[in-house]
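First up is the structure itself, then whatever we jot down about it.
The values are calculated or read from the model by the stated rules, or taken from the named source; none is laboratory data. This one's a predicted model, so the numbers in the text were calculated from it and none came from an experiment. Ideal geometry is used to build each Cβ from the backbone, glycine not excepted, and the neighbour counts take in all protein chains shown. Calculation scope for accessible area: heavy atoms of the full protein, side chains included, ligands and nucleic acids excluded. Shrake-Rupley method; radii C 1.70, N 1.55, O 1.52, S 1.80 Å.
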Amino acid sequence: MNAPTTPAKLTPKDFATDQEVRWCPGCGDYAILKSVQKVLADLKADKDKTVFVSGIGCSSRFPYYMDTYGFHTIHGRAPAVATGVKMANPELDVWIVTGDGDGLSIGGNHLLHIIRRNVDTQILLFNNEIYGLTKGQASPTSAIGTRSSSTPEGSVDAPLDPIKVAMGAGARFVARTADKWIKEMPDVLKAAREHRGCAFVEILQNCIVYNDAVFGEFTGKEAVPGTYIHVEHGKPLLFGGGRNEPPVKGIRVKPGTFKLEVVTLGENGISEADVLVHDKTDPVLAGLLAAMTGPDFPVAFGVLYEDAAPVHDDSVASHKADARKKTPDVSINALLKRGRTWMVEGPGA
Amino acid sequence: MSETQTLNPESGQGDRIELESAVVRFAGDSGDGIQLTGGQFTVASALAGNDLTTFPDFPAEIRAPVGTTYGVSAFQINFGGRRINTSGDAADCLVAFNPAALKTNIDKVNRGGLVIVDSGNFGPRDLKKAGYEVNPLEDGSLEGWNVVPIDISRLTLEAVADSGLGKVDALRCKNFWALGLIYWVFGRDRAPTAEWIEQKFGRKDAAIAKANVDALNAGHAFGETMELLQDFHGYRVPKAELPPGLYRTITGGDGFALGLAAAAQLTETEVVFASYPITPASPILHHLVKLTAYGVTTHQAEDEIAAACVAIGASYGGAIGVTSSSGPGIALKGEAIGLAVAAELPLVIINTQRAGPSTGLPTKTEQSDLYQALYGRNGDTPLVVLAPNSPADCFTMAIEATRIATKYMVPVMVLSDGYIANASEPWLIPDVDSLPRIPVTFRQDPEGYLPFKRDPDTLARDWAKPGTPGLAHRVGGIERDSETGDISYDPANHQRMTDFRHAKVAGVARDIPPQTVDQGKERGRLAVVGWGSTYGPIKRAVTNLRAEGLDVSHIHLRHIWPLPENLGALLDGFDQVLVPEMNTGQLLTLLRATYAKPYEGLSKVTGQPFKIAEIEAAVRSRLEG
Ligand code: SF4
């Protein structure tokens, strides 16, 4: 059914299955699916070496729509299953698709541990700040006051910030994008795939049915200028011009503090030279950027942090290689005879 | 004081009393080196040609306050000139290093048995800590036993006086002093222990090594002089008739670890073992981490669920996924095991059972997770259940579990328990090269590939691992189309898939050995049917009863689900069937439900293994009178 030959040029269609996509019309998941398919086509990915592992939830249906290897597992456990896949075969390119409920609530523990182990995978956390598949309950990322089927008077629990959780667990690649950043998302996904180690990508995703437009103000075509910033390594942190307009604002460290502040170019003698240059290897800056929210700050998108660290796959492999080196005879018969043994002679011996 | 020149085990053996077998129990503080002492006595007994079974009895606390009853650690060994099946109902000889050890262990000693106590540790404070108001050595409460108080502490200090060690270090040698004495009592060779001490301490600290050897020899010399005392004898336990060959000792933990390594070799497939620390299952992980070179990759997961999921992911990725735990952890893994059943992936799950429910008695043994193994998941979720009957059998069953899991693409649960995990016995080392290979084939051909198309014989689907060109496919926990594996909500398909899953597991019955009778006739008045670690006490009890002329047979199940095809007919040949279990009747219920016969149960849930006498009594009450 699947042709084993890889054509010279791949298109997103080559990564699509014949399965009817069953997300609600207008769901942000469609754009993400398209973007992932485009990225894999652009990168000429080998679909036979690509695996999508997911948990449970709307987003977790993702693997059924990717013509690669795929494993739709159980609620919250995709990171653990993916770790096992990588342990069996570190050559595979493994993507984890999860959501805010799947990854941060029921499966929060596994998310922390795959990150701290730095298993070479990409984690795409679709954050729609709601439980979709179970019909609209508040999720661990829902803003306080969110009215939902389980919180009709508004939720009272403080939300988790996925990026802070990932950084707290020691993530070495952290990025944020959104379903509506159709043009920008592929570059973020490419960077995640190219990163050796566990790459964590929060994707703000609109649930049109249960939590429509929570990110409307600062994502996509209709986003209000000044409410978002796309960061790029080595480039000044400029924003606020709207689409296709030159930026009018910048971000700098507020003199005499450890805080960031928004400055307007040309005001009080501020020029581009006063604005911070994004350094993705700086975890402190990444934390500050990740924490920016409106109305005082723009929401930051792009690769916020990336700094290589030893990868779990390599540590496991070198541990194996060392053990083999130290054990010249790896036959089980030799192993069984190791340590204290004794001979029992037969009768008449 | 060193007298290594007289390391002749036969010295002073003139008027020793011959015993067919003997049970020795060492008990002391956790810090007294009890397990190490027991381990050395085990080696010495094995080298003396005895058959044996040992069992450690650890406290649940890691380092309880010194001298308290809950800090007592004990080790029991049953050794003999005949086949030994259990670590012994009760001890013939107890060595108690302090009052707490005496207090908690005296009821485990046969009346009239030899009780050696370190009287140097029986001061008022020691007695108080153990909860004694009066010194039991003086109040006549121990009259039923042959109590020999010896100031082992003082004699040890004297023996190592010229070692240069401080008092604390010098006193640490007292376990070897006591071991030396017990070596004399049973005519054991000291040389291997002396060698072991040299190896263990010699390189780091020659003074400590010498002091321990001196203590060992001094204890032995003390035995020779004690011989003059009334009621203190040396004993001779003759060699057992064991099948010839090369032997080692093995615990259940060792058995599983070595068996999984052997399975990796026999399947030529990597094993990925993932687990989370839990008593009493952790020894398997501790052993396996040393076997990386043999094709076993280990992973200590963040929790029990993750451990199961890592194993499942590994199986999906083309390795043999294995996870291990004890009852509470298996409960957490339940949903993941269901995924492996649904996705039809091989998975080996080892449950080293402990006494429950909830946290229960983590260090005590029970067989109460059989229902959990059979039924403890949502949906109709059948899997295969196996149960090794001894530490050595864990080796065999690890291989058998791998064979079934990979051949049928199905999870296999292996039920061990705290007794099997920690007990040790001599093991005739098998030749792994002569064991049947386990052929594992991965689908390569993309032509006509359908992820859930089945082998008509085994009903197993193909194992197609990621990375194979042309076989990209999706699996998951949502019901799958019976051929394509695509999501299917079709009612008829769900019926079909449920039936397939059931029939696949049921079909394993055709692929396992027919049930045999371990001992006794194939028809008769009563069959004792056991599973798991009750093997030893049932075997010994049935041997004893048969020697008395009772018509009783022993049947022991190692394949619990599916049951062997001939079992029902076999049981029909007996007037009565008695099922002893360390639970309230779980196998009993399974057998009654399967064969609709009024079998009887014998339940014990004290956290302790069955005593031989208990099984004998239950059989007698049914056959006599
Ligand atoms: S419920 Fe929301 S998240 Fe789920 S498919 Fe529908 S729109 Fe998308």
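The table below gives the values:
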item: Residue in segment A:211-218 that is closer than 25 Å to A:P295 by Cα, more than 18 Å from the chain's Cα centre (by Cα), within 16 Å of the ligand (Cβ to nearest atom) and open to solvent by 70 Å² or more (accessible area, probe 1.4 Å) present; result: yes
item: Condition check for B:G356: modelled with pLDDT under 95 and buried (at least 17 other Cβ atoms within 10 Å of the Cβ); result: yes
item: Residue that is nearest to the ligand (Cβ to nearest atom) [pool: residues in segment A:10-21 that are exposed (fewer than 12 other Cβ atoms within 10 Å of the Cβ) and within 11 Å of another protein chain (Cβ to nearest Cβ)]; result: A:E20
item: Any hit, segment B:284-302, residues being open to solvent by 20 Å² or more (accessible area, probe 1.4 Å), in a strand (DSSP E or B), within 10 Å of chain A (Cβ to nearest Cβ) and of a type outside the set (K, R); result: yes
item: Search result, residues across segment B:598-618 that are surrounded by fewer than 15 Cβ atoms within 10 Å (Cβ to Cβ) and assigned to a loop (DSSP other than H, G, I, E, B); result: B:P598, B:T606
item: Residue selected from segment B:455-477 under the condition open to solvent by 40 Å² or more (accessible area, probe 1.4 Å) and more than 10 Å from chain A (Cβ to nearest Cβ), by the criterion farthest from the chain's Cα centre (by Cα); result: B:P456
item: Segment B:571-586: number of residues that are part of a loop (DSSP other than H, G, I, E, B) and surrounded by 23 or more Cβ atoms within 10 Å (Cβ to Cβ); result: 1
item: Inter-residue pairs, beta-carbon under 8 Å, first facing another protein chain (nearest Cβ under 7 Å) and within 13 Å of A:I123 (Cβ to Cβ) and in segment A:75-90, second among the hydroxyl-bearing types (S, T, Y) and assigned to a loop (DSSP other than H, G, I, E, B), 6+ apart; result: A:V81/A:T73
item: Test result for A:A31, aliphatic (A, V, I, L, M), within 14 Å of the ligand (Cβ to nearest atom) and either surrounded by fewer than 23 Cβ atoms within 10 Å (Cβ to Cβ) or on the phi < 0 side of the Ramachandran plot (or both); result: yes
item: Residue match in segment B:385-407 (condition: without any contact (Cβ under 8 Å) to a residue 12 or more places away in the chain and out of contact with any strand residue (DSSP E or B) (no Cβ under 6 Å at 6 or more places or on another chain)); result: no
item: B:A340 surrounded by 24 or more Cβ atoms within 10 Å (Cβ to Cβ), of a type outside the set (D, E, K, R), touching a Lys or Arg at 6+ places or on another chain (Cβ under 9 Å) and within 14 Å of chain A (Cβ to nearest Cβ); result: no
item: Residue in segment B:561-570 that is surrounded by the most Cβ atoms within 10 Å (Cβ to Cβ), counting only those that are closer than 12 Å to B:T594 by Cα and in contact with a strand residue (DSSP E or B) (Cβ under 8 Å, 6 or more places away or on another chain); result: B:W561
item: Members of segment A:180-210 that are more than 16 Å from the ligand (Cβ to nearest atom), of a type outside the set (V, I, T) and not in a helix (DSSP H, G or I); result: A:W181, A:K183, A:E184, A:H195, A:R196, A:G197, A:C198, A:A199, A:F200
item: Residue list for segment A:108-136, filter: open to solvent by less than 40 Å² (accessible area, probe 1.4 Å) and either near the ligand (Cβ under 10 Å from one of its atoms) or at pLDDT below 95 (or both); result: A:F126, A:N128, A:I130, A:G132, A:G136
item: Within segment B:265-283, considering residues that are crowded, with 23+ Cβ neighbours inside 10 Å and within 25 Å of A:R77 (Cβ to Cβ), the one nearest to the other protein chains (Cβ to nearest Cβ); result: B:V272
item: Qualifying residue in segment B:48-63 (condition: open to solvent by 10 Å² or more (accessible area, probe 1.4 Å) and part of a helix (DSSP H, G or I)); result: no
item: Those residues of segment A:54-93 which are within 16 Å of the ligand (Cβ to nearest atom), part of a loop (DSSP other than H, G, I, E, B) and in contact with a Leu (Cβ under 7 Å, 6 or more places away or on another chain), in sequence order; result: A:G57, A:C58
item: Matching residues in segment B:358-405 - criterion: being under 30 Å from B:H494 (Cα atoms) and either assigned to a loop (DSSP other than H, G, I, E, B) or not assigned by the TED database to the domain that holds B:I337 (or both); result: B:D369, B:G376, B:R377, B:N378, B:G379, B:D380, B:T381, B:P382, B:L383
item: Hey, A:D42 away from the ligand (no atom under 16 Å from the Cβ), in contact with a helix residue (DSSP H, G or I) (Cβ under 6 Å, 6 or more places away or on another chain) and open to solvent by 10 Å² or more (accessible area, probe 1.4 Å) or not; result: no
item: Single residue of B:G318, B:G313, B:G259 found to be within 10 Å of chain A (Cβ to nearest Cβ), assigned to a loop (DSSP other than H, G, I, E, B) and modelled with pLDDT of 95 or more; result: B:G318
item: Filtered residues of segment B:477-511 (kept if in a helix (DSSP H, G or I), closer than 24 Å to B:L374 by Cα and aliphatic (A, V, I, L, M)); result: B:M497, B:A503, B:V505, B:A506, B:V508, B:A509
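Residues are listed down the side, and each one gets a yes or a no for (1) outside any helix (DSSP H, G or I); (2) open to solvent by 50 Å² or more (accessible area, probe 1.4 Å); (3) more than 14 Å from chain B (Cβ to nearest Cβ); (4) touching a residue at least 60 places away in the same chain (Cβ under 8 Å):
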position	(1), (2), (3), (4)
A:I251	yes, no, yes, no
A:G287	no, no, yes, yes
A:F301	yes, no, yes, yes
A:A309	yes, no, yes, yes
A:S318	no, yes, no, no
A:R338	yes, yes, no, no
A:G346	yes, no, no, no
